[in-house]
Every structure is written in structure tokens, then in C-alpha cells.
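Before any comments, here is the structure.
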Amino acid sequence: MAGFNPKALVRDYGSIDGEARACREDCALFDFSFVARARIRGVGALAALGHVVRRRMDDLAPGRIRYAVRTRVDGTLISDLTIWNLGESAYEVMSGRHEDILDLIALAGPGVECLDLTGESAILAVQGPRSLESLADLVATDLSLLPYFAHCETAVAGLPCRVGRLGYTGEAGFEILLSRQDGHRLWPLLAERVRPAGFAAADLLRIEAGLVLFANEFRFPVKSAEAGLARFDRADGQNARRRLVCFTASAVEPPILWHPPSAAAWPPARGQITVTSACWSPIAGGPLGLGYVPAGEARLGAAPKDPLGFFEDIKLVQHPFHDPAKQRVRAGWT
């Protein structure tokens, strides 16, 4: 049985394609315990959040979750986060960058309690069309009533936790937040009924779903509108100089956990693309990726060149490539 190791990113559990297929057709179990997590509480909690994220939070209802981005002073992107409203002026914050949590603590101010929960947390994600069915007899709450981007306190297999309906795969599913000690207990119970999947499968799935990875898509100085994230920011997209696009291509080697090399050119020149992410996609039947092109050249069917030569026969396709209308992830349970 696959083990639980919250201190490491597991590449795969034997078959990247099989793990990704399980998530698309059935369900899969991911360990996202590497994500940084904090709880902030107090009358000044909202003001502290406002120093870190670029999205309005004062209208976020208790029990709901909101996606947000963090930017530099010049508006270029640093990271993305989720904010969970716990009620009574308390919030949880999750980010792939632990620095965001440390900055939040430093900016909290008097009268605000901010605790770094990263080292003591487990975050297990069950994703896929059968994720509700796989959890139903283990959960003390009827998760079918939980709206998209909402959360609740409950118990899974008798272990106290918080469950949110969201994910990083483009499929309906849940994230389970609990103590690291209880994570060690819950993982083997879930792994008996749900196929474990590693980060390579998660990366493949998020590229198909058009989701960004801050370490890749925010590696270059881009603004929210350029990354397709203006609705999560206060950004004005009128002056975007480049656009994040999705493409199919051919490649000598199947890309796995691909990331931009240090030699990547920026900004992309006319007729060229700066590739930020790529995978071998089962639904595309070959390499599929994300990257930036000049804003006026982000047209379906365009064929920009990769100046580094990793990818050839590039063709811009609909972004996201999988479920463009996001119906699968938002749909009710059947």
C-alpha cells in the first residue's frame, strides 16, 4: 500500500497515466500536505489579509472559500492562495509559498492572532466523479449538500477535520484538512478505496484544466490579466502585453513535471511562445502545455515557435483544454 509522507512530493505511484485516468473516470487520492497553511483571527484579520491578497474579502460569507492572488507593488504576480472564512472574524489561508504565511504573520498587527499550521497539518484531496461516493460512508456530514468553494467542519472515519469542495484537477472533489497525526491514520483508510496519485498526475490534470502553478506561470513578470486571472484581482486588463495560452505540440521526450529552464526568453518575441508548463496529455493524445505569447497573437490555431526547440508543431487550442465551460467541476452530484 502506498505510504503517506507529508514532507515529500511523491512523483507518482507507478503509473502517471493510470493515476490521471482514475481521477478523470473514477477518483484519485492526492497528498497536498506540502501546501502552507495558517489560521488568522481577530477584528483586524481582514485588514491583514488585505496586505497579502488582491481580492475583496469583506463580502466572503462564513463557510465559503475564495481564490485570490498576491502581487508585487508593480502588479506582477507572486503567488495564488485560497481564503477559507471560518466565521467570527477567523480565516484559514493556504498557499504553495510558505513565505506568504510568514509575511501574513508579520503583517498581522496587534490584536490579531495568526498561527502557522503548516508543520502540523495534513491536506488530503479526493478528486474525481466518484469522490462523493468513495467518502459517503466515512463522513459524518452529507457532503452532497456542500456547494462548490464551500467548506464545513466534520469527521472522516471518526477523525475531526475540515472538508472543502474544491480541487486542483478540473474534476469535482474534496480537500480534507486535518492534523498531521490524523493524516497518518486517514491516508491508509482512503488508499484502500481510492487510488493514490502523485504530483506528476496532478500537474498533468491541472494543465488540461488550464490551472496555473505559481512556480511556473508566475515565474516571469506577468500581471493578473496576462495570466487570465483579472477577475481575482483589481487589475485592468486593457494594457496586457501578453496572454497565457494553451497549446498542443510534438516533443522528442514526453514532458513530465516540465518547468521553464533558466535559458527561457522573456518577453516572448513576435511569432514565439515562452512555454511555462507542459505534460503528456491522454486527452490531447500528446504534449499539451501552457505558455505566453504576445497579446495580439493569442488566436486559436496560431502556430508560434518555441525558441528553445523543446516543442515543435505548436498549435494554440482552447484554454482550458479540458471542460472549457467548467461544468464538470461545478455540477451537482448524481
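Only a single criterion out of (1) touching a Lys or Arg at 6+ places or on another chain (Cβ under 9 Å); (2) on the phi < 0 side of the Ramachandran plot is not satisfied by SER262, namely (1).
Annotation for segment 99-120: no member residue is in contact with a Ser or Thr (Cβ under 9 Å, 6 or more places away or on another chain), in a strand (DSSP E or B) and over 27 Å from ASP323 (Cβ atoms).
Every residue, every condition in (1) touching a residue at least 12 places away in the same chain (Cβ under 8 Å); (2) under 20 Å from PHE321 (Cα atoms); (3) not charged (D, E, K, R), yes or no:
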{"position": "ARG242", "(1), (2), (3)": "yes, yes, no"}
{"position": "PRO254", "(1), (2), (3)": "yes, yes, yes"}
{"position": "LEU257", "(1), (2), (3)": "yes, yes, yes"}
{"position": "SER262", "(1), (2), (3)": "no, no, yes"}
{"position": "ALA265", "(1), (2), (3)": "yes, no, yes"}
{"position": "ALA269", "(1), (2), (3)": "yes, no, yes"}
{"position": "SER277", "(1), (2), (3)": "yes, yes, yes"}
{"position": "SER281", "(1), (2), (3)": "yes, yes, yes"}
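Collect the residues in segment 35-65 that are under 19 Å from the mean Cα position of the chain (by Cα) and more than 17 Å from LEU205 (Cβ to Cβ), keeping them in residue-number order.
Kept after step one, since they are under 19 Å from the mean Cα position of the chain (by Cα), are these residues of segment 35-65: 35-38, 52-55, 64-65.
Once the filter is applied, which keeps residues that are under 19 Å from the mean Cα position of the chain (by Cα) and more than 17 Å from LEU205 (Cβ to Cβ), segment 35-65 yields ALA36, ARG37, ALA38, VAL52, VAL53, ARG54, ARG55, ARG64, ILE65.
Those strands (runs of 3 or more DSSP E) of segment 121-202 in which 2 or more residues are farther than 25 Å from ALA20 by Cα, open to solvent by 10 Å² or more (accessible area, probe 1.4 Å) and in contact with a helix residue (DSSP H, G or I) (Cβ under 9 Å, 6 or more places away or on another chain) occupy 151-156, 159-164.
Among the residues of segment 203-215, just one is out of contact with any helix residue (DSSP H, G or I) (no Cβ under 9 Å at 6 or more places or on another chain) and part of a loop (DSSP other than H, G, I, E, B), namely GLY210.
The C-beta contact set for segment 194-206 (first residue farther than 21 Å from GLU217 by Cβ and touching a residue at least 40 places away in the same chain (Cβ under 8 Å), second residue assigned to a helix (DSSP H, G or I) and polar (S, T, N, Q), distance under 7 angstrom, 6+ apart or interchain) comprises VAL194/SER134. In the condition set (1) touching an Asp or Glu at 6+ places or on another chain (Cβ under 9 Å); (2) closer than 20 Å to ASP74 by Cβ; (3) touching a residue at least 24 places away in the same chain (Cβ under 8 Å), ALA230 is compliant with all but (3).
For segment 203-215, the set of residues classified as touching a His at 6+ places or on another chain (Cβ under 9 Å), open to solvent by 10 Å² or more (accessible area, probe 1.4 Å) and under 24 Å from ASN5 (Cα atoms) consists of LEU213, ALA215, listed by residue number.
The values are calculated or read from the model by the stated rules, or taken from the named source; none is laboratory data. These numbers come from a predicted model, not from an experiment. Cβ sites come from the backbone with ideal geometry, for glycine too, and all protein chains shown count toward neighbours. Ligands, DNA and RNA are stripped out before the accessible areas are found, and what is left, the full protein with its side chains, is counted by its heavy atoms. Shrake-Rupley method; radii C 1.70, N 1.55, O 1.52, S 1.80 Å.
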